[in-house]
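As structure tokens, the structure follows; a few thoughts come after it.
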Amino acid sequence: MKCRWLSLLLFATLGLTACSESSPPVHKAKLFTLGTLVDVSVLHEDEATAQRAIDIVEAELAVINTQWHAWRDSPLTSINQQLTKGETITIDATTHAFMQQAQQLATDSQQLFNPAIGSLVALWGFHNDDRPEDAPPTTDKIDALLKQAPSMGDITLTATTLSSSNPAVQLDFGAFAKGYAIDQAIARLKQSGIEHAIVNAGGDLRAIGSKGKRPWRIGIRHPSASGVIASVETHGDESVFTSGNYERFFDFDGRRYHHIIDPRSGHPASGTVSVTVIHRNAATADAAATALFIAGAKQWPQIAQQMGIDEVMLIDDNLTIYMTAEMAKRIHLEISDAEVKIIGDNA
Ligand code: ADP
Ligand code: MG
């Protein structure tokens, strides 16, 4: 009521119709962490409450970035050194939960999401802030690592310890930690009484509530041209994650080598240019986007089903777009000339 009177008054006197009660203001912050720019938008009446919540998120993301950094000296690089020596590592409850979730996702993806292949990722030169301009690794080096077959199945976890039966296991959570961090950020926002927010790390995000009277609207980057290829509105509490071959790559002798490594071949996965997944949990969406990228146009429906993912869009290197029926129902394609194949639509 107060709000309506206020807007009438404002409209009469100033020509304004803004009504703060029906649509709280958006408070925004830009944080540089997790190797990308993270945009946090929070809707709340009270600026101090919003700012406090954003500060908590910033602190939480900084802790996670430090903990799981794969190449700068970090608790993770210490864990990796100990795993090489076959040592048993003492872990806390947070690390246990993190590892358990990653291990489960690796199993569900048939080890296509394989965070134990840190040595392969390093061999391809991606354990660097900027990849040095040099050639791909030799087949001998790749084969030597493949033979050792590191996987999350080699890891034994107890509530307080972590060990590996395979000294070749080197953990790299580049395909999972961003999602995990966004889940933690959203949990902190909810604890701070925030009901409408979005945490967006370079296009990978989780959104809760709405942007005032409208849903949050998300653009999905075109994998090989500027602009967006599709857009989608989120409802309730949802994450939208995309893995693309354009994120980190180098060109050598006219070929592109990107950072999503197929654990079966030891080479960058071929055939796919991007995969978008919508799922409630961001860590699951993150790992799934990576796994389905590797699975490719033929195998992705089976892996998606095993991972419990209903909403998928995969774009192959002919720019053919594959989608689940659930994704097709809600996504708006912003291009008209693409071939679209809807998978599993029995209607
Ligand atoms: P982005 O971080 O660009 O969104 P992804 O989520 O697909 O992309 O993560 C890619 C990162 O994950 C790589 O940079 C590497 O650190 C790691 N990685 C590469 N291949 C795999 C894989 N098969 N399983 C798990 N992690 C991987
Ligand atoms: Mg990922």
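The values are calculated or read from the model by the stated rules, or taken from the named source; none is laboratory data. Since this is a predicted model, take the numbers as computed values, not measurements. Here the Cβ is made from the backbone with ideal geometry for all residues, glycine too, and neighbour counts use every protein chain on show. Protein only, heavy atoms only, side chains kept; ligands, DNA and RNA dropped before computing areas. Shrake-Rupley method; radii C 1.70, N 1.55, O 1.52, S 1.80 Å.
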Study note, to complete from the structure: Summing -39500 (n - 2.57) over every DSSP H run of at least 4 in the chain, dividing by its residue total and rounding to the nearest 500, the 222 nm mean residue ellipticity is -11500 deg cm²/dmol
Exercise for review: Could you pull the accessible area for D237 with a 1.4 Å probe, rounded to 10 Å²?
Suggested key: 20 Å²
Practice item. For an R0 of 45 angstrom, estimate the FRET efficiency from the Cβ-Cβ distance between I342 and T49 and round to the nearest 0.05. Key: 0.55
Check your understanding: In nanometres, what is the gap between the two model label sites at K147 and D134, each 7 Å from Cα along Cα-to-Cβ?
Key -> 2.2 nm
**Study point:** Over 18 Å (Cα to Cα) - which of K213/K329; K147/K298; K85/K178; K141/K298; K30/K178 fall in this group
**Key:** K213/K329; K147/K298; K85/K178; K141/K298
Practice item. Could you pull out every residue, at least 5 positions away or on a different chain, whose amide H is within less than 5 Å of the one on V273? Hs are placed 1.01 Å off N in the peptide plane, and Pro or chain starts have none. Key: I315, D316, D317
Revision key, fill the gap. Here the longest stretch of the chain that holds no GluC sites (Glu not before Pro) in a DSSP loop having at most 11 other beta carbon atoms within 10 Å is 134-338
Review point. Tell me, what is the per residue accessible area of the chain in Å², probe radius 1.4 Å?
Key: 48 Å²
Exercise for review: Report the local net charge at T320: Lys and Arg +1, Asp and Glu -1, summed over other residues whose C-beta lies under 15 Å from its C-beta.
Suggested key: -2
**Study point:** Positive minus negative residues near H332 (Lys, Arg vs Asp, Glu; Cβ under 13 Å)
**Key:** +1
Practice item. With an 8 Å cut-off on Cα pairs and a minimum separation of 6 or more residues, tell me the relative contact order of the chain in percent. Key: 15 percent
Check your understanding: Does the stretch 135-242 come out rounded, prolate or oblate by the C-alpha gyration tensor, with a ≥ b ≥ c the root eigenvalues, rounded set by a/c under 1.5 and, if not, prolate when a/b is larger than b/c and oblate if not?
Key -> oblate
Point to revise | Listed residues T139, T33, T242, most fluctuating in the chain (Gaussian network, C-alpha, under 10 Å) | key: T139
Point to revise | Most mobile listed residue (S164, S226, S210) in the chain, GNM with C-alpha springs under 10 Å | key: S226
Review point. According to a simple spin-label model (label point 7 Å from Cα along Cα-to-Cβ), what is the distance in nm between S265 and A93?
Key: 4.4 nm
Check your understanding: Exactly which trypsin sites (Lys or Arg not before Pro) in the stretch 49-148 are in a DSSP loop and have at most 16 other Cβ atoms within 10 Å?
Key -> R72, K85
Study note, to complete from the structure: On the accessible surface of the chain, probed at 1.4 Å with all protein chains in place, carbon and sulfur together account for a percent value of 50 percent
Revision key, fill the gap. Heavy-atom accessible area with a 1.4 angstrom probe orders L319, L34, most exposed first, as L319, L34
**Study point:** Most mobile of D316, D172, D134 in a GNM of the chain (Cα contacts under 10 Å)
**Key:** D134
